[in-house]
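Report on the following structure.
Read the figures in this text as sums done on the coordinates, not as results from a lab. Keep in mind it's a predicted model, so treat the numbers as computed, not measured. Glycine gets a Cβ as well: all are built from the backbone with ideal geometry, and neighbour counts include every protein chain shown.
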Amino acid sequence: MKRYVIIGGGPAGINAASAIRARDPDGEILVFDRDQDPPYYRTELDTYIGGSTSDADLPLHPQSYYEEQRIILRLRTVVTRLLPEERSIELAGGERVPYDSLLLAPGSLPLTVPWPGSQVSGVMTIRTWDDARRVIRHVTESSRTVLVVGGGVLGLILAEGIRQRGRPVVLLEREPGLWAPVLDELASDLIRARLGQAGIQPFLREEVTEVFGEGGRVAAVRTTAGQRIETALVVVAIGVRPDIEFLRGSGVRTDRGIFIDHEFRTNIRDIFAAGDAVQGYDPISGQFRVVTNWNNAAEQGKLAGAFMAGGGEAYRGVILSNTESFCGTRVSVLGHTRPASDGTLVLAGLDQAKGIYRKLLLQQDKLVGALLVGNTSGEGMMRKWILEGKPTSSAELKSKFLTGLVVEEKNA
């Protein structure tokens, strides 16, 4: 009987476990995760904070699923070392667990900033279900303004979720635009306007410089613009980093993330990797890159699990692919949303009255990127074209995806 060990209970790890069981009815599957809660939809933490998603809605599967599939979950378990020469992993506390096939799907950890005074209670990141519970407790205990630091995807959706609790929200972003550098100026301005309409006050080119506490809890912050913002909660959402420190000295090849090939194999035999911690091949740029995205991780997990169990379909590569809703406005990004080199043709379609903006990037007669705001129709087809490198033309892109919009065409 083959033993499959999976590090990480996120979308990559759990989808891999399910894919393994579908192909190997007898193998032993063990999933190790540092979280205290069974695997859940991390993408719904913002709506959970906002109150529209309940405790019952968050789990990926009921407990009975893992029992029926004979997937052993070991929660509150931190993997501290990988020992390929022994074909085992080491847990905090010293226990060693052998494997026949290993999947590295540890996900990522939130970035923090050591501001002066930030050690007080009420300055926090949100990455787990328990973090979200703590935010709800803070928000319900105080009617004061909540400060969200970071204008990327996570910061934007968290700001909206907190605002839905009826609290004033201020958002700080150090860059000149929101979700930089993915969104361009026009897209950022459209989202910024929607935030304002929803009661969220965004400030760009502004950062926290100091945190002031009172009785051990945050009371206010000072910013680079000289503002003093009174607040009882500071939510830091400035990005994430792959959780790969435990691989130090293991021999697994890493850079920003874990390098994988088209079968999700690392450079060490019988060790695979998938999800937010991997650095996969980008077919557009020809480089290896980290893409932190739920759907990408879930897809990688399914494919990696199949390869671990002896089957599988070759992976075509990783591209930036994300769809979110910000205060009622849908936004999709695919591939490259900023011209990367000379010779890129940019097609931009706008309906200002309806808040619709669609930008497509064409390079060497191939679609290499799309930015869709307010109308995300056709994103599935665009993603397929980008991944497959389908030949196309500006005329075809206009007729299929930019009808009814005022279109500007220019070379980068």
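Structure notes:
- With the convex hull drawn over the C-alpha atoms of segment 123-238, the volume per residue is 92 Å³.
- Calculated over segment 15-164, the projected area of the Cα convex hull averaged across directions stands at 11.6 nm².
- Most to least packed among 209-215, 151-157 [average Cβ atoms within 10 Å]: 151-157, 209-215
- Each Lys and Arg Cβ is given +1 and each Asp and Glu Cβ -1; about its Cα centre, the chain then shows a dipole of about 360 debye.
- Within straight-line cross-link reach of LYS390, lysines at Cα separation under 19 Å, skipping those fewer than 8 residues along the same chain: LYS359, LYS366, LYS398, LYS400
- With the convex hull constructed from alpha-carbon coordinates only, segment 328-411 shows a mean projected area of 5.0 nm² over all directions.
- The convex hull around the C-alpha trace of the chain, projected and averaged over every direction, spans 21.3 square nanometres.
- For the peptides 98-111, 28-41, 117-130, the ranking by mean Cβ contacts within 10 Å, running from highest to lowest, is 98-111, 28-41, 117-130.
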